[in-house]
Each structure stands twice: as C-alpha cells, then as structure tokens.
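Q: One structure follows; several queries about it will come next.
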Number of protein chains: 6
Amino acid sequence: MTGSNAQRVAVYRHEHFNAAHRIHNPALSDADNVRIYGKCNNPNYHGHNYELTVRVCGSVDPQIGYVMDLGVLSATIKQYVLDRLDHKNLNLDVPEFADVNPTAENIAIVVHGLLRPHVPANLDLHVVLGETPRNIVQYPADIVHHA
Amino acid sequence: MTGSNAQRVAVYRHEHFNAAHRIHNPALSDADNVRIYGKCNNPNYHGHNYELTVRVCGSVDPQIGYVMDLGVLSATIKQYVLDRLDHKNLNLDVPEFADVNPTAENIAIVVHGLLRPHVPANLDLHVVLGETPRNIVQYPADIVHHA
Amino acid sequence: MTGSNAQRVAVYRHEHFNAAHRIHNPALSDADNVRIYGKCNNPNYHGHNYELTVRVCGSVDPQIGYVMDLGVLSATIKQYVLDRLDHKNLNLDVPEFADVNPTAENIAIVVHGLLRPHVPANLDLHVVLGETPRNIVQYPADIVHHA
Amino acid sequence: MTGSNAQRVAVYRHEHFNAAHRIHNPALSDADNVRIYGKCNNPNYHGHNYELTVRVCGSVDPQIGYVMDLGVLSATIKQYVLDRLDHKNLNLDVPEFADVNPTAENIAIVVHGLLRPHVPANLDLHVVLGETPRNIVQYPADIVHHA
Amino acid sequence: MTGSNAQRVAVYRHEHFNAAHRIHNPALSDADNVRIYGKCNNPNYHGHNYELTVRVCGSVDPQIGYVMDLGVLSATIKQYVLDRLDHKNLNLDVPEFADVNPTAENIAIVVHGLLRPHVPANLDLHVVLGETPRNIVQYPADIVHHA
Amino acid sequence: MTGSNAQRVAVYRHEHFNAAHRIHNPALSDADNVRIYGKCNNPNYHGHNYELTVRVCGSVDPQIGYVMDLGVLSATIKQYVLDRLDHKNLNLDVPEFADVNPTAENIAIVVHGLLRPHVPANLDLHVVLGETPRNIVQYPADIVHHA
C-alpha cells in the first residue's frame with residue numbers, strides 16, 4: 001500500500017470549551033485598565049465559548065495513512081487543555097494565568113505551551129482560538145511560504 | 001403598491017452577547033448542587049457566547065412592507081437585553097437573576113420578559129437562545145396556529 | 001417494505017441566490033423613503049446573498065420513502081425561483097416586483113407564490129428567506145401546534 | 001427561587017453521526033430503483049455526516065431550572081442512537097432498517113422511535129435530521145424548526 | 001505580568017457588508033463581457049453579502065496582551081471600508097472602482113489599500129473576502145515566514 | 001482598466017461530495033486494523049459528507065480581473081473530482097484507491113492529483129478536505145488555511 005510516504009499534510013481538529021475571564025493587568029491602574037480594556041475589564045468576569053482549532057503538520061505515515069490519529073489528538077487536547085480550562089474561571093482556577101493576562105492572544109500561547117510536550121516533536125503545531133465568531137487569534141502567526 | 005396587506009410573516013433577528021454565570025440553587029445543598037449541575041456549578045463561574053434569536057410575527061404593513069423594522073428590533077434588543085447582559089456576570093451583575101437560577105431556560109424567559117413591553121403588543125414574540133452550538137432553548141415553546 | 005406510511009414529515013431544501021435591490025415605495029415622498037428605509041433606500045441599489053429554505057410537509061410515501069424527492073424540489077426551485085431572481089436586479093428585472101416593494105417579507109411572499117403552483121397541492125409549503133446572516137423572514141408565519 | 005414554574009420551554013441538543021447507506025426498495029425493479037433514486041441507489045453504498053437535532057419540550061422544573069438536563073439528553077442520544085448508527089452501514093448493520101428503506105425521512109422516524117421510550121413521557125419529542133447541509137427532514141412535522 | 005513579549009500572533013476580525021455590483025470591463029466588447037462574465041455582467045447589477053475577514057499579525061504587546069485591540073480594528077474597518085462600501089453600488093457609488101472592475105479579487109485589493117494606511121505599519125495585513133459562501137479570495141496570497 | 005496586474009491573490013472554491021469508505025490496510029493483520037483504526041475499520045463501510053475547498057493562487061489577470069474564473073474552477077472540480085467520488089464507495093468504486101487507504105490525508109492527496117493537470121500550471125493549487133466538521137486536512141501543508 002503506497003501513495004503518501006513523502007507528502008506533508010496538515011490536519012486540523014476542532015474542539016471547544018466554555019470559560020469565564022476578566023482582562024486585567026494589575027500592573028496598570030484601575031483607570032488604565034478600564035480605558036484600555038473597556039467592558040472586558042468587568043470585575044465580576046464575563047465569559048465565552050472558545051472555539052479551538054489545533055493544526056498539526058508533518059509527513060503522512062506510509063503504512064498507516066495518518067499524519068497523526070485525530071482521535072489521539074482529540075484525547076490529547078481533552079486531557080491537557082479542556083480538562084484544565086473548560087467550565088473554569090481562567091483568572092482564578094487556572095494556574096497558567098496567575099501571572100498572565102487572559103487575552104485571546106495569551107490564551108492561544110498558553111494552549112500551545114500545554115500541548116507542545118504531548119504532540120510528537122517532529123510535527124509542527126499551531127493553535128487557532130476563536131473568542132467570539134468575529135474575534136479569532138492564531139499562534140504561531142506565520143507559516144513558511146512553500147515556494 | 002400592494003401585495004402584502006393581509007399576510008402574516010415571521011421575522012428573525014440574530015444577536016449575541018458574552019456573559020459569565022454559575023448554575024446554582026441556594027435552596028439546595030451544596031452536594032445536591034454539584035450532583036445536579038456538575039461542572040456548571042463551578043463556584044468561580046464559567047461563561048458563554050450566547051447566540052440570541054428574536055422572532056417577531058405579525059401582518060406585513062401594506063404601505064411599508066415590514067412586519068417590524070429589523071433595525072428597530074435590533075436597537076430594542078441592544079437597549080433592553082444586550083446592554084444589561086453583555087460582558088456581565090449574570091448572577092452578580094443582573095438584578096433579574098437575583099432570585100432566578102441562570103439556566104438557559106430561565107435566561108430565555110427573562111429575555112422574553114425584558115423585550116415583551118417594548119415590542120408592539122399585536123406582534124407575537126419568541127426567543128431562541130443558544131448557550132453553546134449544541135445546546136439551544138426556545139421560549140415560548142409552541143407556535144400556535146393563528147387560525 | 002413498511003414503516004412510514006401514515007407519518008407526516010417535513011423536508012427542507014436550502015438554496016441561495018444573489019440579487020440587487022432597493023427598498024423604495026413610490027407612493028411615499030423621497031424624504032419619507034429615506035426616513036423609513038435609511039441606507040436600504042440607496043438609489044443605485046445594493047445587494048445580498050439570499051439564503052432560501054423551502055419547507056414541504058406531508059405524508060411519507062410508503063413505497064418510495066420520500067415526502068417529495070428533494071432533487072425534484074431543488075429543480076423546481078431552480079426553474080421557478082432561481083432562474084428568475086439569481087444575479088438580477090429585483091426592482092428592474094423581475095416583473096413580480098413591478099408593484100411590490102422588495103422587502104425581505106415581500107420577497108418571501110413572492111417566492112411562495114412562484115412555488116405554490118408547482119408543489120403538489122396536498123403538501124404544505126413554507127418559505128424561509130435569509131437576507132443577511134442576522135435578518136431572516138418566514139412565510140407563512142404559523143405552524144399548527146401538534147397537540 | 002422562582003420564575004419558571006409554569007412555563008413551557010423547548011430545548012434542543014445537536015449531535016452527529018457518520019454512516020453509509022443505499023436507498024433501495026427491493027419491492028421495486030432494479031430499473032425503477034435507478035429511475036427513482038438515481039445515484040443514491042449505488043449498490044456499493046455512499047455515506048453522510050448526519051447532523052441530528054433532538055428537541056424536547058415541556059415545563060421548566062421550578063426547583064432545577066431545566067426542562068431536561070441536556071447532559072442526560074446527550075447521553076441518552078449516545079446510548080440509543082449514536083452507538084447503534086455511528087460508523088455503521090445502515091442497510092447491513094442496523095436491524096431497524098432490515099425492512100425500512102433508509103431515506104432521511106425514515107431515518108428520522110426510526111431515531112424518534114429509538115428515543116421515545118427513553119425520554120420522559122410528559123415531554124414532547126421532535127427529531128430534525130440533516131443528511132447534507134442542504135437536505136434536512138423533521139419528524140413529527142407540525143412544529144417549525146428554528147434552525 | 002509576563003508571558004507574551006516576543007511572540008508573534010495573528011488576530012482576525014470578521015465583518016460584513018452588502019453591496020451591488022456588475023462585473024464589466026469597458027475595454028472589452030459587450031459580447032466579450034457576456035462571454036467572459038456571464039450572468040455577473042447583468043447590466044442592472046446584482047449583489048452580495050460580502051463576508052470580510054481582516055488579519056493583522058505582529059508581536060503581542062507585553063504590557064497590554066494584545067497584538068492590536070480588536071475593537072479598534074473593528075472601528076477602523078467600519079470607518080475606512082464599511083462606511084464606504086456597505087449598502088452601496090460598487091460601480092456607481094465608490095470612487096475606487098471608477099477604473100477598477102469590481103471582481104472579488106479587485107475588491108480585496110482595494111480593501112487592503114483602504115486599510116493599510118490606518119493599521120500600524122509594523123503589523124502585517126491580509127484581507128480575506130467571501131463573495132458567496134462558496135467563493136472566497138485572499139490578498140496578499142502568501143503568508144511569508146517572518147524569519 | 002487597471003489596478004491588479006502584478007498582485008498575487010488566492011481564490012477558494014467550496015464544493016462537497018458524499019461517499020462511503022472503510023479505513024483498512026490489507027498489509028496489516030485484522031487485529032492491527034481494528035486496533036489502529038477502531039470503528040473506522042467497520043467492514044461494511046461508513047460514510048461522510050466531504051467538504052472540499054480548492055485554493056488556487058496566482059496573479060490577477062489585469063484585463064479580466066480574475067486569478068481564474070471560479071465558474072471554470074467549479075466545473076473542473078465537478079468533472080475531475082465530484083463525478084468520480086460523489087455518491088461512491090471510495091474503496092470499491094474509485095480506482096485511485098485500489099492501492100491507497102482512503103484516509104482523509106490520502107483523499108486530499110488523490111484529489112490534488114486529479115486536479116493538478118487541469119488547473120493552469122502557473123497557478124499554485126491546494127486542497128482542504130473536511131471529513132467531519134471537526135476533522136479537516138490540507139495538502140500541501142505549507143500555507144495556513146483561512147477557514
């Protein structure tokens with residue numbers, strides 16, 4: 001059985017989680033926090049359905065036909081990301097945000113850091129995080145031009 | 001200009017808001033709250049992007065061609081619902097939930113109550129609320145035949 | 001082969017078309033047209049991707065297993081609706097709007113009128129028309145409560 | 001805690017499953033099967049991602065705030081529908097279709113029959129099944145689906 | 001507060017606008033315009049709901065936690081793009097298309113040109129434009145590795 | 001008419017097809033096939049609605065304003081991909097999978113191979129294939145997909 005052994009393919013897995021957060025930097029004054037973050041600085045928190053897409057990229061295994069079993073990737077995301085973030089208050093319940101402001105950008109970076117040790121090192125890893133249907137972030141940002 | 005004067009049409013307007021909440025009934029024991037509501041009972045709150053659809057039903061105005069101006073409906077939803085609920089903690093920041101457990105069912109009922117006085121009384125009003133892409137509620141539940 | 005002969009089922013077919021239009025009632029003054037319709041009254045037209053859902057409801061044919069062949073319904077919609085409205089200026093190119101203001105409500109009523117003679121008379125027919133992802137109309141408006 | 005005790009609310013849960021099928025009625029000739037069902041009659045089967053929405057309608061429990069726990073509803077759908085239909089060949093692997101042609105209409109009726117005994121009898125039950133993004137069926141028919 | 005100071009992240013903001021247009025090149029004969037552009041050449045115009053995604057890419061501000069405030073980006077898109085294109089006839093009402101054929105490709109290039117002076121110069125800018133749910137364009141086309 | 005002659009733009013066309021398949025490698029033991037592929041190895045096949053996005057990238061033709069006519073691209077996809085794969089059993093009906101295991105990765109590579117000879121050679125070509133709404137693959141890998 002042949003046909004895929006040298007080709008690099010990207011695979012994407014979509015997951016989601018629900019969490020509360022507050023955008024707040026304690027190094028700034030309260031007035032600056034309100035000015036910069038507006039209603040996202042509400043002291044009692046607000047929340048989102050975060051739509052998470054994880055992209056893994058590498059060569060297709062010629063015997064198996066997978067870059068990576070998406071069931072395994074889904075279970076990995078569940079164990080290392082969803083079980084820590086889903087139905088949580090990011091500021092209060094998640095140690096990774098003890099000193100990190102939970103903006104969408106920083107959540108994507110944290111999620112990437114949680115997953116990186118558990119995805120095979122020979123595979124590229126990207127995280128896309130939708131905070132609302134209209135606001136989406138991606139980390140890392142740049143993908144090599146294939147030219 | 002003719003063509004629409006006796007016909008009943010339903011119009012729908014989609015909006016959304018983001019909020020934190022905790023499902024909790026203080027009349028139940030803490031153990032019962034955990035048993036019944038599971039992770040939705042997390043004491044530090046979690047949150048959602050609530051997708052709100054408002055349905056208004058009535059006769060098309062024969063001169064204007066509208067059941068109700070959807071721009072006016074959108075502004076009404078903004079003033080009476082979004083400005084009160086968006087980027088808020090439903091349990092702590094919204095008086096309507098002081099004695100009402102903010103399940104999706106109860107949020108839909110509260111939203112209907114907030115809008116009903118501000119939509120013309122001759123128009124039917126229904127609320128559909130998506131708490132997640134997979135969990136949706138509708139109030140009132142049944143569409144009655146107008147005959 | 002049995003299992004479906006007395007049961008009423010609704011089937012839905014999604015289609016779409018792109019058209020230009022202007023909301024304007026010549027029986028009103030220009031000032032009233034602008035006041036009522038705002039930017040939708042732009043004299044040079046604007047346009048939409050109209051998302052059309054046609055709902056047909058009746059008994060499942062016990063031998064065939066269909067309420068109505070959705071391929072036939074799709075072809076019917078194409079012949080009687082899409083071929084007349086798609087990539088057209090509703091005000092200028094479509095005779096049905098010569099004396100009807102092309103609001104979403106009236107377009108739904110016109111589409112229903114175009115389809116009704118070509119869908120078997122024993123089947124109920126409803127039209128849902130999305131003018132934008134946030135503005136949707138339905139005609140007829142009411143569905144019988146099944147109680 | 002009050003606010004919801006007499007009000008009827010509908011709740012919806014979305015799930016999906018993947019299956020192969022062939023539309024074929026052995027009581028018809030092969031020529032009639034091809035003429036009526038076209039490429040859906042392909043003898044080696046084809047398949048779909050079926051998008052399943054289950055709607056349950058009843059009074060909100062005044063103490064709990066739920067019509068029915070959507071987590072319980074999801075588990076019920078998994079046990080009685082998904083575990084039987086997901087990643088299966090409907091014609092060959094699912095006994096309910098031994099004598100029922102697996103059209104979308106009949107699948108919706110079968111799914112309704114699988115769920116009905118396991119949803120509390122005082123709650124109304126409707127099934128909406130998307131066979132493709134453009135072809136959707138609903139059983140029973142008499143309430144309009146708010147997609 | 002630390003955690004993001006050297007990392008490049010891409011942020012995306014979704015917006016939409018509705019417009020009429022006609023694909024037509026006056027340098028070509030009428031016959032060639034019809035042959036090349038088909039029904040998109042309809043002289044009375046047709047229209048679309050354009051789905052616009054703007055991608056901005058750069059380093060996360062270590063103090064603020066943002067690449068760029070998405071509220072500011074949204075306001076920028078509104079001021080320089082939506083206020084000029086929404087509910088307009090691109091050919092007649094928008095000076096940028098006086099000598100540019102409003103194909104989706106050219107609209108994306110024009111939108112990029114309208115936004116580029118108003119997005120900080122140290123941030124990369126890409127535009128994705130959906131003309132219909134099935135036809136989408138992106139400019140610039142290639143994401144260059146920042147190394 | 002000017003404005004686009006040196007600029008590279010990417011254009012995307014969405015299509016879909018429905019097919020049955022079984023993930024199975026005859027070079028592996030039956031036990032290994034079950035262990036590796038789980039329910040995707042069901043001997044009677046299962047199926048999917050495959051969502052196909054084809055991305056073509058090149059310079060905008062300065063006279064025409066297109067990278068490539070998306071109607072032509074749609075017809076090319078229909079002729080060389082959909083007519084071969086839609087409503088088929090990939091394992092049994094499609095010669096390209098006689099010796100290739102129809103994982104999503106391999107289907108994307110095969111679709112790319114079917115299209116490549118029929119898209120102008122000066123245009124880049126990428127294929128994105130959604131097997132379910134949550135599992136998506138892309139070939140070649142090195143450009144990020146803007147979903």
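The values are calculated or read from the model by the stated rules, or taken from the named source; none is laboratory data. In this text the structure is predicted, and so the values were computed from the model without any measurement. Cβ placement follows ideal geometry from the backbone for every residue including glycine, while neighbour counts extend to all protein chains displayed. Side chains included, ligands, DNA and RNA excluded: accessible areas come from the protein's heavy atoms. Shrake-Rupley method; radii C 1.70, N 1.55, O 1.52, S 1.80 Å.
Q: Defining the label point at 7 Å along Cα→Cβ, can you sort the distances from E:Asp61 to the same site in each other copy, shortest first, in nm?
A: With the label placed 7 Å along Cα→Cβ, E:Asp61 yields 4.4, 4.6, 4.6, 4.8, 6.5 nm.
Q: Determine the sum of side-chain charges near C:Asp69: Lys and Arg each +1, Asp and Glu each -1, restricted to other residues whose C-beta is under 12 angstrom from that of C:Asp69.
A: 0
Q: Also, quick follow-up: I'd like the Kirkwood hydrodynamic radius of region B:1-84, using the inverse of the mean 1/r over distinct C-alpha pairs, in Å.
A: Averaging 1/r across every pair of different Cα atoms and inverting gives 16.0 Å.
Q: Just round it to a whole percent: the fraction of Cα-Cα distances in region A:72-147 exceeding 19 Å.
A: Tail of the P(r) past 19 Å holds 39 percent of the pairs.
Q: I've got another one for you. Could you work out the helix-only [θ] at 222 nm for the protein assembly as shown, with each DSSP H run of four or more residues adding -39,500 (n - 2.57) and the total divided by the number of residues, to the nearest 500 deg cm²/dmol?
A: -6000 deg cm²/dmol
Q: Still on this model: For E:59-69, what's the mean count of beta carbons from other chains sitting within 10 Å of each residue's beta carbon?
A: Averaged over the peptide's residues, the number is 6.
Q: Now for a separate question. Antiparallel DSSP bridges in chain A: what percent, to the nearest 5?
A: Counting only bridges with both partners in chain A, antiparallel ones make up about 95 percent.
Q: Around C:Asp83, under 14 Å between beta carbons, what's the net of Lys plus Arg minus Asp minus Glu among the other residues?
A: 0
Q: Residue by residue, what Karplus-based ³J(HN,Hα) values in Hz, rounded to whole numbers, does region E:13-21 have, using 6.51, -1.76 and 1.60 with θ = phi - 60° and x for Gly and Pro?
A: Going residue by residue, I get 10, 9, 9, 8, 8, 10, 8, 9, 7 Hz, with x marking Gly and Pro.
Q: Multiply the residue gap between C:Lys39 and C:Lys78 by 0.36 nm, knock off their C-alpha separation, and tell me the result in nm, one decimal place.
A: Working it through step by step, the gained length comes to 11.0 nm.
Q: Cross-link list A:Lys88/B:Lys88; C:Lys78/D:Lys39; D:Lys39/D:Lys78: which exceed 27 angstrom alpha carbon to alpha carbon?
A: Violating the 27 Å limit, Cα to Cα: D:Lys39/D:Lys78.
Q: Now for a different question. Using a 7 Å offset from Cα along the direction of the beta-carbon, what are the separations from E:Asn44 to the same position in each other copy, nm, ascending?
A: Going from nearest to farthest copy, the values are 1.9, 4.9, 5.5, 5.5, 6.2 nm.
Q: Roughly how much accessible area, to the nearest 100 Å², goes out of reach of solvent when B and D pair up, both sides summed, probe 1.4 Å?
A: Adding both sides of the contact gives about 2500 Å².
Q: Which of F:Arg55, F:Arg84, F:Arg35 moves the most in a Gaussian network model of chain F with Cα springs under 10 Å?
A: For chain F, modelled as a Gaussian network with Cα springs under 10 Å, the answer is F:Arg35.
Q: For an R0 of 51 angstrom, estimate the FRET efficiency from the Cβ-Cβ distance between F:Asp99 and B:Arg134 and round to the nearest 0.05.
A: About 0.85, to the nearest 0.05.
Q: Carbon-plus-sulfur fraction of the accessible area of the protein assembly as shown, 1.4 Å probe, in percent?
A: 53 percent
Q: HN-Hα J couplings of region B:66-74 from phi, Karplus 6.51/-1.76/1.60, θ = phi - 60°, integer Hz, Gly and Pro as x?
A: 10, 6, 7, 4, 5, x, 5, 4, 4
Q: While we're looking at this one, here's another question. Report the residue, chosen from B:Gly113, B:Gly58, B:Gly71, that carries the largest GNM mean-square fluctuation when chain B is represented by alpha-carbon nodes joined by springs under 10 Å.
A: B:Gly71
Q: Further question on the same structure: Would you kindly find the accessible area of E:Lys39, with a 1.4 Å probe and non-protein molecules such as ligands, DNA and RNA excluded, rounding to the nearest 10 Å²?
A: Approximately 120 Å² of E:Lys39 is accessible to the 1.4 Å probe.
Q: Same structure, new question: With +1 on each Lys and Arg Cβ and -1 on each Asp and Glu Cβ, how big is the dipole of the protein assembly as shown about its Cα centre, in debye rounded to the nearest 20?
A: 0 debye
Q: Give me the one-decimal nm value for the distance between modelled label points at E:His118 and D:Arg116, 7 Å along each residue's Cα-to-Cβ direction.
A: 5.9 nm
Q: Apply the Karplus curve 6.51 cos²θ - 1.76 cosθ + 1.60, θ = phi - 60°, to the phi angles in region D:53-62 and return the couplings in whole Hz, x for Gly and Pro.
A: Coupling constants for region D:53-62: 10, 10, 10, 10, 9, x, 7, 6, 5, x Hz.
Q: Which one, B:Asn49, B:Leu90, B:Ser74, projects farthest toward the positive side of the charge dipole computed for chain B from Cβ point charges (K/R +1, D/E -1)?
A: The listed residue farthest towards the positive side: B:Asn49.
Q: For the rotation that brings chain C onto chain A, whose beta-carbon in chain C is nearest the axis, and what is that distance in whole angstrom?
A: C:Pro133, 5
Q: Inter-copy label distances at C:Pro120, 7 Å along the Cα→beta-carbon direction, one decimal in nm, shortest first?
A: C:Pro120 label point versus its equivalents elsewhere: 4.0, 4.0, 5.0, 5.5, 6.5 nm.
Q: On to the next question. Before anything else, pin down the relative contact order of chain C: Cα pairs under 8 Å, at least 6 apart, normalised by residue count, whole percent.
A: In percent, rounded to a whole number, it is 29.
Q: Shifting gears a bit: By the scheme Lys and Arg +1, Asp and Glu -1, what is the net charge of all other residues having a beta-carbon under 13 Å from that of E:Phe97?
A: Net charge in that neighbourhood comes out at -1.
Q: To continue, here is another question. What is the Cα centroid distance between region F:6-50 and region E:82-124, reported in whole angstrom?
A: For region F:6-50 versus region E:82-124, the Cα centre distance is 40 Å.
Q: Also, quick follow-up: Please state the relative contact order of region F:1-81 as a whole percent: Cα pairs under 8 Å, 6+ residues apart?
A: 45 percent.
Q: Based on the alpha carbons, how large is the Rg to Rh ratio for region B:15-62 when Rh follows Kirkwood?
A: Rounded to two decimals, Rg over Rh is 1.30.
Q: I've got another one for you. Take the alpha carbon gyration tensor of the protein assembly as shown, find the square roots of its eigenvalues, order them as a ≥ b ≥ c, and report rounded if a/c is under 1.5; if not, report prolate when a/b exceeds b/c, else oblate.
A: It comes out rounded by the Cα gyration axes.
Q: For chain A, what percent of Cα pairs sit more than 24 Å apart?
A: Tail of the P(r) past 24 Å holds 39 percent of the pairs.
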